[in-house]
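Participant: What follows is a single structure, and I will ask about it in a moment.
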Amino acid sequence: MVAILAASGWLGVMQQVKGVVARGKGQPVELTTINVPDPGPGEALVQVQACGVCHTDLHYREGGINDDFPFLLGHEAAGVVEAVGDGVTAVAPGDFVVLNWRAVCGDCRACDRGEPWYCFATHNATQKMTLAEGPDAGTELSPALGIGAFAEKTLVAAGQCTKVDPSARAAAVGLLGCGVMAGIGAAINTGAVTRGKSVAVIGCGGVGVAAVAGSVLAGASPVIAVDIDPGKLEAAKRMGATHTVDSSATDGDMGVVAAIQELTGGFGADVVIEAVGRPETWKQAFYARDLAGTVVLVGVPTPDMKVPDIPLIDVFGRGGSLKSSWYGDCLPSRDFPMLVDLYQQGRLDLDAFVTEEVGIGDVEAAFEKMHHGGVLRSVVVL
Ligand SMILES: NC(=O)c1ccc[n+]([C@@H]2O[C@H](COP(=O)([O-])OP(=O)(O)OC[C@H]3O[C@@H](n4cnc5c(N)ncnc54)[C@H](O)[C@@H]3O)[C@@H](O)[C@H]2O)c1
Ligand SMILES: [Zn+2]
Ligand SMILES: [Zn+2]
C-alpha cells in the first residue's frame, strides 16, 4: 500500500496492481502497473476474478468510442468486494458481485419518469485510477464503461456492484456485466420478443448469440441466426437457433433479406436484431423484418458511419419501429440475479459463452481471435 499526498493536501491511500491499458489509437494494449485508490464515499474496491473480452474493448483501443486515452480496458466482470467507502450499505466486503455500467441515479429525467433503464446520469467512481509506471506515471486512466476490470483490482461506484449467488462460476456470470445482458436484453426488453414471435439475429458473436438465447428463453420461433463465420452459426445453433444463414454465401444485402423472408413464410421476421454495428447489416435488418416489425440496433457503429441510403417512403411504408438498445435496456439489480438463477437452474447456458479462459496478459491475442476462429468470449481469469 502506498500513501499519496495529493495536490489538494488530502492524504489518500492506494494500492498498486496490474492492469491492461490502451495508451493510444490502434496501439497494442499493455499490461502495466496502475494505482487504485482506496474507496471514498459511495465507492467500492473490487478484487476482479474474471472479465470477458468484449468487442467494445477493441472499439476503445481503436479510438472508435472517444479519444480519452489512456484507457483501462475490461468491463464484463465478476469479483469480490474488498472494501467500501463511507455511506455504502448495499454491498459489503466479501460480497460476490457482477459489475455493471448502469448504476442508476434515481433522479435524472429518465429515472423520474419511471424508466431507470435509460438513466442519463449513471454513477461511476469519483476518484481516478492512474498509471503507476513509465514517463507518464500519474496520468489519470479512463476506465472502459466506467469499470476497467482487466485489472487485479478496480475502483467503481458501489451501485456498479450487483450481488449475485456466490456459488456461481465467475467466468460465466461476469459476462452478464455487458455482452450477454446486452444481447438477452436487446431481444426481451428492447425488442419485446415474446412467445411465437419470429426473430432474426444478424451477427452472432457474444452479443448476437445472447440475443438468440434471449429469444429462445422468451419462446420465439423461428429464431434465425445470421453470420459470415460458420463457427459462430454453430454456436448460435447450440444456443437454440432454429435456422442459420451464412451471409457470406448469400447474394449481397438483398440475398440475406431473401433468406430470412424465405424462413418466415415470405414476410420477414417480427423482430430483427443487428449485433454487428455496421450500416450494411443494419440495412439488411431494416428490410428483413415484416411490415410493422421492429429493428433493434445493439451493435455499436463507429462515429464515421452513416445511416444507409434508404428511401424515406420505405421508412414510412414499412412502419414499425427502429430502436437502439443500450445495454439491453437492463436494470442490473432486477436482471442479473434473475439470470444467474436461470443459469444455476440449467435454463440459460452461460458456460457456453466462455470459449476459453485466458490470463491477464492475453487480451491482445483475444482481440485477434475476435476476427476469426469462432470465439464467443475469451475470459480473462485472475
Ligand atoms: N449496445 C450495447 O449495449 C452493446 C453492449 C456490448 C457490445 N455491443 C456491441 O455489439 C457488437 C457485437 O459485439 P460482440 O462482442 O458480440 O462482437 P464479436 O466481434 O464477438 O461479434 C461480431 C459478430 O459479427 C459477425 N459479423 C461481422 N460482419 C458481419 C456481417 N457483414 N454479416 C453478419 N455477421 C457479421 C462476426 O463474424 C462476429 O461473429 C459490437 O459492436 C459491440 O461493440 C453493444
Ligand atoms: Zn437516472
Ligand atoms: Zn461490452
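The values are calculated or read from the model by the stated rules, or taken from the named source; none is laboratory data. It should be emphasised that the depicted structure is a prediction, and the values quoted were computed from it without experimental measurement. Cβ sites come from the backbone with ideal geometry, for glycine too, and all protein chains shown count toward neighbours.
Participant: Taking the condition of being of a type in the set (Lys, Arg) and away from ligand 3 (no atom under 16 Å from the Cβ), how many residues in region 76-121 meet it?
Facilitator: Here the count works out to 2.
Participant: I've got another one for you. So, in region 254-277, of the ones that are of a type in the set (Asp, Glu) and crowded, with 17+ Cβ neighbours inside 10 Å, which residue ends up farthest from LEU217 (Cα to Cα)?
Facilitator: Among residues in region 254-277 that are of a type in the set (Asp, Glu) and crowded, with 17+ Cβ neighbours inside 10 Å, the one farthest from LEU217 (Cα to Cα) is GLU274.
Participant: Tell me, which residue of region 117-133 that is away from ligand 1 (no atom under 16 Å from the Cβ) and outside any loop (DSSP other than H, G, I, E, B) is surrounded by the most Cβ atoms within 10 Å (Cβ to Cβ)?
Facilitator: Step by step, filter region 117-133, then rank; the result is LEU131.
Participant: List the number of the failed condition for LEU155; all other conditions in (1) within 29 Å of GLN27 (Cα to Cα); (2) within 16 Å of ligand 3 (Cβ to nearest atom); (3) among the hydrophobic types (A, V, I, L, M, F, W, C) hold.
Facilitator: Answer for LEU155: the failing condition is (2).
Participant: Does region 268-288 contain any residue that is modelled with pLDDT of 95 or more, more than 16 Å from ligand 1 (Cβ to nearest atom) and not in a strand (DSSP E or B)?
Facilitator: Within region 268-288, one or more residues are modelled with pLDDT of 95 or more, more than 16 Å from ligand 1 (Cβ to nearest atom) and not in a strand (DSSP E or B).
Participant: Taking the residues in region 64-114 that are surrounded by fewer than 20 Cβ atoms within 10 Å (Cβ to Cβ) and within 16 Å of ligand 1 (Cβ to nearest atom) as candidates, determine which candidate is nearest to GLN49 (Cα to Cα).
Facilitator: Checking each candidate, the answer is ILE65.
Participant: Determine which single condition VAL295 fails, assuming it passes every other condition in (1) farther than 30 Å from HIS123 by Cβ; (2) at pLDDT 95 or above; (3) out of contact with any helix residue (DSSP H, G or I) (no Cβ under 7 Å at 6 or more places or on another chain).
Facilitator: (3)
Participant: Going through ALA235, ALA288 one at a time, which residue ends up being more than 16 Å from ligand 3 (Cβ to nearest atom), within 23 Å of ASN189 (Cβ to Cβ) and either β-branched (Val, Ile, Thr) or within 23 Å of the chain's Cα centre (by Cα) (or both)?
Facilitator: Going through ALA235, ALA288 in turn, the sole match is ALA235.
Participant: Check whether at least one residue in region 31-39 is among the aliphatic types (A, V, I, L, M), touching a residue at least 12 places away in the same chain (Cβ under 8 Å) and touching a helix residue (DSSP H, G or I) at 6+ places or on another chain (Cβ under 8 Å), and report yes or no.
Facilitator: Looking for residues that are among the aliphatic types (A, V, I, L, M), touching a residue at least 12 places away in the same chain (Cβ under 8 Å) and touching a helix residue (DSSP H, G or I) at 6+ places or on another chain (Cβ under 8 Å), one finds at least one in region 31-39, hence yes.
Participant: Filter region 134-147 down to residues that are in contact with a strand residue (DSSP E or B) (Cβ under 8 Å, 6 or more places away or on another chain) and within 16 Å of ligand 1 (Cβ to nearest atom), then give me how many there are.
Facilitator: Total meeting the criteria: 4.
Participant: On to the next question. Scan the helices (runs of 4 or more DSSP H) fully inside region 309-382 and keep the ones with 1 or more residues being of a type outside the set (Phe, Trp, Tyr) and either modelled with pLDDT under 95 or farther than 30 Å from PRO116 by Cβ (or both).
Facilitator: 312-318, 363-370
Participant: Let me ask you something else. Residue pairs, Cβ under 7 Å, 6 or more apart or interchain, first in region 309-328 and within 14 Å of LYS283 (Cβ to Cβ), second at pLDDT 95 or above and not aliphatic (A, V, I, L, M). List them.
Facilitator: Matching pairs, first to second residue: ILE310/LYS283; ILE310/PHE286.
Participant: Sticking with this structure for a sec: Taking only region 177-201 into account, find how many residues are out of contact with any Cys (no Cβ under 8 Å at 6 or more places or on another chain), surrounded by fewer than 24 Cβ atoms within 10 Å (Cβ to Cβ) and not β-branched (Val, Ile, Thr).
Facilitator: Number of matching residues: 4.
Participant: Right, here's the next one. Quick check, is LEU348 over 22 Å from GLY205 (Cβ atoms) and surrounded by 15 or more Cβ atoms within 10 Å (Cβ to Cβ)?
Facilitator: For LEU348, the condition - over 22 Å from GLY205 (Cβ atoms) and surrounded by 15 or more Cβ atoms within 10 Å (Cβ to Cβ) - is not met.
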